[in-house]
Structures are given as C-alpha cells and as structure tokens.
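Q: One structure coming up, written as structure tokens, with questions to follow.
The values are calculated or read from the model by the stated rules, or taken from the named source; none is laboratory data. Small disclaimer: the values here were computed from a predicted structure and weren't measured. Because the Cβ atoms are built from the backbone with ideal geometry, glycine has one as well, and the counts that use them run over all protein chains shown. The area values use the complete protein model at the heavy-atom level, side chains included, leaving out ligands, DNA and RNA. Shrake-Rupley method; radii C 1.70, N 1.55, O 1.52, S 1.80 Å.
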Amino acid sequence: MRSIPTRLALPLLLMSALTGCGPTGPTTYEVGEKKVEVDRGEEFTLSVPVDTAMGEWWHLTSPKPDAAVVDSIGKDEKLDGDDDDEVGGSSGTDLFQFKAVGKGTTKIRLIECPRGACAGGGGAGGAVTPSPVPSGSPAPDKKYRATVHIYTVTVKQP
C-alpha cells in the first residue's frame, strides 16, 4: 500500500505539467502589441495610457472592426492615484474590452486625441476623427496631432 504523499504526488505532478497547456499569451495587449491572436470565445483588452490632466482621450474609431469576428464589449478607465483632492484630472489607462466571436481577421482602430486634436463623437455620436487644420496654417507638432493606432486581430477556432 502506498503512503498518502506518494498517492498525491502523481496528481500534483500531472496538474503542474498541464498548467502550461491551453491559450498562451496575455489577454491584455499594450500600445506596442499591434498583432493580437485569440481563440473564438476569448475576451481580450487593449490597454492604452491616457493623460486626462492634459486633455488626452482615446476612442474606438471608424471603420469599426468586423462584427462577425470581434465584438466591442466596453471601455473602462483606471486613473493613477487615489487623491480625491486632485484638481484637473490625472493620468491612467483606458481599457477597451472585446470578445472574439468568429474565426477571421479584422482591424481595431483606436484614435489617440490630445486636447483639440479630434472632432466628432461625443453626445452627437458619429466617428471620432482628426480635427482638420485650416489651410495655410502650419501643421501642429506630432505630440499635438491625433494618432490612429491599428491593431490586427486574428481569431482562431479553438
């Protein structure tokens, strides 16, 4: 008859070996991670830094991702610090959540909008786009221009 530690060793060994199986990679992707591969049914998040104190915002923009491949399930914001007395906002992270709904490839476009760099959206709805620069005006410095970040998402069949 085996002792209790010997009988428990095999299941523990198998559990340890199997923990490496299954989906690999993060479920949260940062700004620099533009290629996303997920299984159908998997939820994932695009995480982008935001400086609300400087009037910067991020939005999902057009064209929207293929709804047969990816579904947008929400946006959340996490601000740094817990100081309620802070005036003028702060910095933090915008979290765009998605669910992989069907096999295929699509693009998700997020637009980074420094203060005054974007138009549209808001309460009026519609796409958020870079604000036009009046003709004859010099183009603003890169840090003051809207930037579209494109993520290529491939959904595989599990």
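Q: So VAL153 fits all but one of (1) of a type outside the set (Lys, Arg); (2) farther than 24 Å from THR28 by Cβ; (3) at pLDDT 95 or above; what number is the exception?
A: Result: VAL153 fails condition (2) only.
Q: Could I ask something else about it? Checking PRO134 against (1) modelled with pLDDT of 60 or more; (2) on the phi < 0 side of the Ramachandran plot: exactly one of these is not met. Which one?
A: (1)
Q: Still on this model: Which numbered condition trips up GLY116, out of (1) at pLDDT below 70; (2) open to solvent by 40 Å² or more (accessible area, probe 1.4 Å); (3) among the small types (Gly, Ala, Ser)?
A: The failed condition is (1).
Q: Here is a further query. Name the single residue, out of those in region 45-74 being modelled with pLDDT of 95 or more, closer than 17 Å to HIS149 by Cβ and out of contact with any Lys or Arg (no Cβ under 8 Å at 6 or more places or on another chain), that is surrounded by the most Cβ atoms within 10 Å (Cβ to Cβ).
A: LEU46
Q: Would a scan of region 25-42 turn up a residue that is β-branched (Val, Ile, Thr), modelled with pLDDT of 90 or more and in contact with an Asp or Glu (Cβ under 6 Å, 6 or more places away or on another chain)? Explain how you work it out, then say what you get.
A: Filtering region 25-42 for residues β-branched (Val, Ile, Thr) gives 27-28, 31, 36, 38.
Next, only the ones that are modelled with pLDDT of 90 or more stay: 27-28, 31, 36, 38.
Still in the list and also in contact with an Asp or Glu (Cβ under 6 Å, 6 or more places away or on another chain): none.
No: region 25-42 contains no residue that is β-branched (Val, Ile, Thr), modelled with pLDDT of 90 or more and in contact with an Asp or Glu (Cβ under 6 Å, 6 or more places away or on another chain).
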